[in-house]
1. Explain nothing, just compute: Karplus ³J(HN,Hα) = 6.51 cos²θ - 1.76 cosθ + 1.60, θ = phi - 60°, for every residue of the stretch 426-438 in order, whole Hz, x for Gly and Pro.
2. Expressed in nm to one decimal, what extension gain is obtained for the pair residue 275 and residue 457 from 0.36 nm per residue of sequence separation less their Cα-Cα distance?
3. Over 32 Å between Cα atoms: which of 300/390; 161/350; 54/441; 199/426; 151/199; 20/219 fall into that group?
4. For residue 225, list long-range residues whose amide hydrogen, built 1.01 Å from N in the peptide plane, is under 5 Å from its own amide hydrogen.
5. I need the shape label for the stretch 194-309. Rule: rounded when a/c is under 1.5, else prolate if a/b > b/c, else oblate, with a, b, c from the alpha carbon gyration tensor.
6. Considering the values (i) -0.21, -1.48; (ii) -0.30, -1.35; (iii) -0.17, -1.45, which represents log10 I(q)/I(0) by the Debye sum over Cα atoms at q = 0.05, 0.14 Å⁻¹ as calculated for the structure under consideration?
7. For a test of the definition: using alpha carbon positions, the gyration tensor, and the 1.5 limit on a/c, classify the stretch 144-252 as rounded, prolate or oblate.
8. What is the Cα convex hull volume of the stretch 1-74 when expressed per residue in Å³?
Amino acid sequence: MIYVKLIGHDFKYEIRELIKAFFFGEEIIFISSNKEYNGDGLLIENSLNIKGNKIDSITKIYKNHKLMFQYNEEDLQNIEIGQEDLKKKIRIGIKKSLYKGLINVSETRVPWGILTGVRPIKIVHNLLDEKIEEKNIVEILLNQYKISNDKANLILNICKKQRKYLYPLDENRFSLYISIPFCPSRCLYCSFPSLNINKYYEYVDEYTDKLIYEINSIKDIMKGKSISTVYIGGGTPTAIPRENLEKIILSIYDNFSKESIEEITVEAGRPDTINREVLNMLNRNKINRISINPQTMNDKTLKLIGRKHSSADIIESYYLAREIGFDSINMDLIIGLPGEGVEEIRNTLKKLENLNPENLTVHTLAVKRGSKFKKTMDKYSIKGQEIIEKMLKETEIFSKNMEIYPYYLYRQKQILGNLENIGYAKEGKECIYNIKMMEEKETVMAAGMGAVSKIFFPKADRIERVPNVKSLKEYLNRTDEMIDRKIQGLNS
């Protein structure tokens with residue numbers, strides 16, 4: 001248990017998230033008086049002192065009422081972050097002060113330093129927008145954000161690769177996300193609002209009609225603006241009948257010029273939803289990128305996490321897609337699945353080597369609040385940070401050997417090892433939608449249950465989130481409200 005007392009500020013969220021990076025799973029309690037600390041666990045005091053123009057942050061850490069560590073981060077007003085935002089400098093200074101204390105009392109490595117957010121690459125984009133030189137950007141990442149040298153150079157290189165797909169910024173350009181929330185079964189780690197297709201099959205036709213109605217409305221809402229990419233995700237879109245999925249795809253083309261869409265992706269993630277007829281339909285309708293997602297190629301793990309297929313099924317589906325003519329295939333892996341270590345990831349990568357996909361997305365397992373795993377994780381064997389890092393390193397070596405390179409990256413709360421998720425791609429095969437969605441430099445209009453629109457206002461560098469409801473019945477009954485929300489978001 002960790003007790004936290006803040007003096008002179010109320011950056012509770014930032015403090016909590018940074019402590020969680022060092023002490024995964026520990027209960028964190030904020031107190032207003034030292035009398036609330038009984039000596040069990042740690043007491044962390046973080047104070048902000050302002051004297052004239054001088055601003056300092058002091059961190060003190062106690063155990064059993066005895067002072068273990070004290071550090072003073074001085075002159076927060078002079079922190080160099082490429083911009084003159086005093087509040088941001090203070091927030092960074094407070095976290096640097098806390099970071100210094102935590103690395104002295106915890107054995108956990110934190111390669112991402114004081115960064116706890118999802119999108120670390122946005123920092124680099126903003127610095128490049130300010131015309132900061134690359135060497136100075138690396139210095140800011142190392143010295144102010146405390147990121148490791150490897151991670152600093154990684155996100156700088158990814159950022160440089162992304163910019164041709166993002167710039168010049170255009171407030172009249174948008175991408176489209178379509179949510180099809182049905183799956184054959186729910187995986188152990190899944191926290192998405194997905195629905196078992198067998199249980200909810202009777203709603204698929206109605207959902208298809210409501211979804212198309214929302215897509216039609218987005219055409220009207222976005223009149224005068226140009227579409228760039230489309231992503232059909234879920235759930236598993238190929239879990240619904242082929243006729244329904246084709247109807248949805250054709251509605252997109254009816255509303256938005258097929259020739260204007262630079263890239264359209266369909267997640268065909270589960271091989272137990274893929275057959276020749278489905279793939280022929282997708283190919284006939286000019287879907288130019290699909291995902292076939294093994295997560296692991298170890299059959300024992302596939303069974304454990306709730307998949308209803310084998311690694312042989314994945315390979316068969318992949319070769320079938322190649323035979324039909326798909327030349328841009330993504331495959332997802334998850335590092336840190338229950339019972340898996342370095343040998344298991346090597347086995348997975350060895351099986352993928354012959355497949356040679358254009359994209360490989362490597363996720364580090366995150367213990368999500370809405371997943372079955374969160375409720376039952378004590379039953380499973382999960383590797384520690386050192387092993388997770390070794391597994392991630394294996395994927396990095398594999399990617400270099402396969403000549404696929406990092407092109408987007410994001411992090412998640414409760415991610416194992418305090419690490420990251422990385423998308424790799426062959427040159428010219430980057431998923432443009434992934435870049436635009438993750439870096440939030442373009443509006444994404446989203447349709448369907450649980451989908452979240454993100455409206456980008458470039459002049460203010462602001463994102464307005466507009467979520468759809470996560471309940472199927474609520475979505476079916478309130479589709480008009482979801483449309484009205486988008487109109488209000490655009491006018492906010």
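Every number in this text was worked out from the coordinates using simple rules, so none of it is lab data. For clarity, every value in this text was computed on a predicted model and none was experimentally measured. Cβ atoms come from the backbone with ideal geometry, glycine included; neighbour counts cover every protein chain shown.
1. Computed from phi, the couplings for the stretch 426-438 are 5, 4, x, 10, 4, 7, 5, 4, 4, 5, 5, 5, 6 Hz.
2. Gain in length upon complete extension: 61.3 nm.
3. Values: 300/390 21 Å; 161/350 28 Å; 54/441 36 Å; 199/426 39 Å; 151/199 44 Å; 20/219 43 Å.
Long pairs (Cα-Cα over 32 Å): 54/441; 199/426; 151/199; 20/219.
4. Amide H to amide H, under 5 Å and 5 or more residues apart or across chains, residue 225 pairs with nothing.
5. Judged from the Cα gyration tensor, the stretch 194-309 comes out prolate (a/c at least 1.5, a/b above b/c).
6. Checked against the structure: label (i).
7. oblate
8. Working: hull volume 6.9 nm³, N = 74.
Per residue, the Cα convex hull of the stretch 1-74 comes to 93 Å³.
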